[in-house]
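A short worksheet on the structure shown next.
The numbers here are math on the coordinates, done by the rules we state, and not lab data. Since the structure is predicted, the reported quantities are computational estimates derived from the model, not experimental observations. FYI the Cβ positions are ideal-geometry reconstructions off the backbone, even for glycines, and counts take in every protein chain you see.
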Ligand SMILES: [Zn+2]
Ligand SMILES: [Zn+2]
């Protein structure tokens, strides 16, 4: 059980900020934390240390998803096909004229 400090107003203080009012309780370690020290994940409050422990191994996931090579490949395929069609059409047109 973490130490709970009471503010002069009677409210419970944040575990990391003794002078700040706690607005949430970490569901993992039951520490009372202020708005700055709490992070909501799927509507559930976590303190800083518990969030770090939870997010640790899965942190890189967001960065990796950004490079979508299939989309880039599809784009160049379309560009290449269009250029080829245009070139063929131009050659046929020129051939017809000459
Ligand atoms: Zn916690
Ligand atoms: Zn705090």
- Task: Run the numbers on the range 1-58 and let me know its relative contact order in percent, using alpha-carbon pairs under 8 Å that are six or more apart.
- Result: 23 percent
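For residue 68 and residue 53 in one chain, what is 0.36 nm times their gap in residues minus the Cα-Cα distance, to one decimal in nm?
Working: separation 15, 0.36 × 15 = 5.40 nm, distance 2.92 nm.
Full-extension gain reported as 2.5 nm.
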- Separation in nanometres of the label points that stand 7 Å from Cα toward Cβ, at residue 28 and residue 86: 5.5 nm
